[in-house]
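Input: a single structure, listed below in structure tokens.
The values are calculated or read from the model by the stated rules, or taken from the named source; none is laboratory data. These numbers come from a predicted model, not from an experiment. Virtual Cβ from ideal backbone geometry, glycine too; neighbours counted across all protein chains shown. SASA here: full protein model, heavy atoms, side chains in, ligands and nucleic acids out. Shrake-Rupley method; radii C 1.70, N 1.55, O 1.52, S 1.80 Å.
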Amino acid sequence: MEANQKPIDSLILLANVLLALSALPTILLALETRRGGPEGPVGFHMITAPLALLQVIALAIAIHRGVFDFIPTGRPLSYGLLVPYFIGMTILPFFALERDFTGPLSKLGMVLVVAACFASVNRLPGMMLSSAVLSLACLGGITMVAAECKQYFVNAAATVTADRDRISAFEESQSKWQAEEWAKLPENPALWQLIQFTHPFNKEVKQQCLTKIAALPNLEQEIVKLLGTGWAEHALPYLVDHYTGRFAPFAPAYAEFLNKQFDHWEPQLSNNPHAGNWAVNLYRHFDVAERIVKDGGDLRAPLQRWLRLFEHAQGLGMLKQRVKMLLRVGA
């Protein structure tokens with residue numbers, strides 16, 4: 001070997017092989033004149049992504065060998081730009097399929113970028129121009145990602161607005177319907193009629209309802225009676241959120257209510273791997289039970305039945321712990 005002959009850099013040779021493997025298919029894609037079918041370029045990325053990856057590996061080798069050390073930003077940024085370069089060169093062939101001016105420009109861009117890769121890896125003259133072309137490919141990738149992010153946030157904002165409008169329209173229609181139903185009640189409605197309107201969307205109806213309930217004579221006895229009817233579950237939100245009297249007197253009636261609810265829920269929760277999905281339907285049952293127990297009411301018998309169920313049901317650990325706590329309080 002002559003003294004002035006440089007040894008062959010095996011990594012640069014590998015980079016050239018990788019570029020050669022990527023260049024021919026890329027150029028063939030650029031010269032392709034057929035159009036995609038009506039379904040679009042389905043699965044096209046399975047071709048373009050591996051080709052872009054070969055170029056990225058070749059450029060990474062070049063960066064490692066100091067080919068781009070003349071750029072003042074240093075190697076870390078150069079490595080970082082390989083990500084948007086990969087994105088840009090994966091997506092650029094898609095634009096080459098367009099029928100307008102975008103198609104020919106994209107085809108030309110694909111050829112220029114591959115040529116710039118060869119020139120940069122082999123330190124051919126015009127390194128600044130080659131680097132500029134590669135930078136444009138990176139910028140294209142960044143632009144595409146930014147555009148996708150923008151579209152994502154635009155779509156998310158539109159979805160939130162649509163959901164808010166839909167909920168608002170639903171609440172408005174329900175509020176109107178509830179006001180109409182409230183107007184149909186007799187002048188002195190019974191508790192079972194009032195209990196349906198303790199949590200309406202219509203605030204005026206809600207206030208009138210709570211006022212009428214508070215004015216009922218013997219409200220405590222009326223609630224006890226209600227707990228033994230089919231309206232008992234409708235009473236739970238009122239008891240939790242608005243009732244200010246004593247809860248202990250409700251214990252006998254509520255114990256019977258818990259037993260009936262146990263008979264209803266036990267077949268649905270036993271041996272059900274998704275029993276935890278129903279937990280939210282039971283929270284208020286034990287909200288009321290907690291108030292009764294803390295006020296001195298005795299619910300030990302029904303709570304023990306529920307505890308045995310929760311100990312064997314899937315996904316109801318929080319309710320199990322809560323019932324245990326209530327049993328300790330009522331002991």
| task | Give me the pairs, please: first residue somewhere in the stretch 97-123 and on the phi > 0 side of the Ramachandran plot, second residue anywhere and surrounded by 14 or more Cβ atoms within 10 Å (Cβ to Cβ) and modelled with pLDDT of 85 or more, beta-carbon distance under 6 Å, and either six or more positions apart or on two chains. | result | none
| query | Taking Ala179 and the conditions (1) within 25 Å of Phe94 (Cα to Cα); (2) among the hydrophobic types (A, V, I, L, M, F, W, C); (3) open to solvent by less than 70 Å² (accessible area, probe 1.4 Å), which numbered condition does it fall short on, given that it satisfies the others? | reply | (1)
| Filtering the stretch 54-67 down to residues that are touching a residue at least 40 places away in the same chain (Cβ under 8 Å) and assigned to a helix (DSSP H, G or I), which residue is farthest from Ser22 (Cα to Cα)? | His64
| field | Filter result (within 17 Å of Cys138 (Cα to Cα), of a type in the set (Val, Ile, Thr) and either open to solvent by less than 30 Å² (accessible area, probe 1.4 Å) or part of a helix (DSSP H, G or I) (or both)) within the stretch 68-123 | value | Val83, Ile87, Thr90, Ile91, Val111, Val113, Val114, Val121
| field | Test set (1) at pLDDT below 80; (2) within 24 Å of Leu14 (Cβ to Cβ); (3) open to solvent by 80 Å² or more (accessible area, probe 1.4 Å); (4) of a type outside the set (Val, Ile, Thr) - Glu148 fails condition number | value | (2)
| remark: Within the stretch 201-223, residues being crowded, with 17+ Cβ neighbours inside 10 Å and at pLDDT below 90 number 1
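Out of the residues in the stretch 280-331 meeting the condition of being of a type in the set (A, V, I, L, M) and outside any helix (DSSP H, G or I), tell me which one is modelled with the lowest pLDDT.
Top of the filtered list is Ala331.
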| query | What is the one condition in (1) at pLDDT 80 or above; (2) part of a loop (DSSP other than H, G, I, E, B) that Val42 does not satisfy? | reply | (1)
| said: Here is a list: Glu181, Glu171. Which entry is modelled with pLDDT of 80 or more, under 27 Å from the mean Cα position of the chain (by Cα) and not in a loop (DSSP other than H, G, I, E, B)? | reply: Glu171
| task | For residues that are closer than 12 Å to Lys324 by Cα and open to solvent by 10 Å² or more (accessible area, probe 1.4 Å), tally how many sit in the stretch 294-305. | result | 3
| query | If only one of His242, His234, His285, His274 is at negative phi and either exposed (fewer than 14 other Cβ atoms within 10 Å of the Cβ) or among the aromatic types (Phe, Trp, Tyr) (or both), which one is it? | reply | His274
